[in-house]
Amino acid sequence: MTTRTLTPELLDSLPHDSPDAQRSRRDLRWINLGLGNQRWFARTLPALARAGERVLELGAGTGELGAALASRGLAVDGLDRAPRPGNWAARSEWHQADIFGFGGYDRYGVVIGNLIFHHFTDAQLAELGAKFRDTVRVVIASEPKRSRISRRMFALTAPLWGAHPVTLHDGKVSIEAGFLRHELAAALGLDEARWEIRYEISLVSTYRMIAVRRA
């Protein structure tokens, strides 16, 4: 799979409270658990966030990741078009807004994204990166790895645990829109002369990026 291919995801077009959307988001919780995304952020973030720095989760969705991180004492706020979820910590802010229209990035030292960046074209990622790369100090992302093996693994395993049709469609197109090597950092405009960038690929073919702006 040599180039990213973006296909609209069905979940993005469904009403937030529709039964199909609720079932697919439940599947996403299982996917995140299987991929170990929450555990990875919980291990990675504390060593990078400085005292007094606030963390902004892009596309915070139903709030599981941010709420879990907040329970560990991290100052995590959420940004999403969806309403504030009931499990969101009272001390944490919730910005119900489009990430391209949000004007408060300069309040945050750390931006994190879990399965969100692959939704956007390279041009959109460039626009997004321009909004925060001059003020944010750390960017952390966990995304699909774009590969035939990842796609085959998902196609074989998802029906076994009863994935909803929306999830079956969106999982496939998410992998096709995923990232390899330097692609995400380059699209966001994170110049390696200014940023120290590390990449990880998990055993379950998850792509992860940690970018720290050089002093």
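The values are calculated or read from the model by the stated rules, or taken from the named source; none is laboratory data. As the structure is a prediction and not an experimental result, all values here were calculated from the model. We place every Cβ from the backbone using ideal geometry, glycine too, and count neighbours over all the protein chains shown.
Details
- Test: residue in the stretch 4-19 that is hydroxyl-bearing (Ser, Thr, Tyr), in contact (Cβ under 8 Å) with a residue 60 or more places away in the chain and either in a loop (DSSP other than H, G, I, E, B) or out of contact with any strand residue (DSSP E or B) (no Cβ under 8 Å at 6 or more places or on another chain) (or both): yes
- The number of residues in the stretch 102-123 being more than 9 Å from Leu56 (Cβ to Cβ), over 18 Å from the mean Cα position of the chain (by Cα) and outside any helix (DSSP H, G or I) comes to 1.
- When Arg181, Arg198 are checked against the criterion of being more than 23 Å from Leu28 (Cα to Cα) and modelled with pLDDT under 90, Arg181 stands alone in meeting it.
- Residue-level check: of (1) modelled with pLDDT of 95 or more; (2) touching a strand residue (DSSP E or B) at 6+ places or on another chain (Cβ under 9 Å), Gly189 misses just (2).
- Taking the stretch 61-103 as the range and being more than 16 Å from Trp40 (Cα to Cα), hydrophobic (A, V, I, L, M, F, W, C) and surrounded by 22 or more Cβ atoms within 10 Å (Cβ to Cβ) as the test, the residues that pass are Leu79, Ile99.
- Of all positions in the stretch 39-49, none carries a residue that is assigned to a loop (DSSP other than H, G, I, E, B), over 30 Å from His182 (Cβ atoms) and in contact with a helix residue (DSSP H, G or I) (Cβ under 9 Å, 6 or more places away or on another chain).
- Condition check for Ser150: assigned to a helix (DSSP H, G or I) and either among the hydroxyl-bearing types (Ser, Thr, Tyr) or within 30 Å of Thr2 (Cβ to Cβ) (or both): yes
- For first residues located in the stretch 75-89 and touching a residue at least 40 places away in the same chain (Cβ under 8 Å), partners that are part of a strand (DSSP E or B) and surrounded by fewer than 21 Cβ atoms within 10 Å (Cβ to Cβ) and lie 6+ apart or on another chain with Cβ distances below 9 Å form the pairs Ala82/Gln96; Pro83/Trp94; Pro83/Gln96.
- The set of residues from the stretch 124-145 being in a loop (DSSP other than H, G, I, E, B) and aliphatic (A, V, I, L, M) comprises just one member, Val136.
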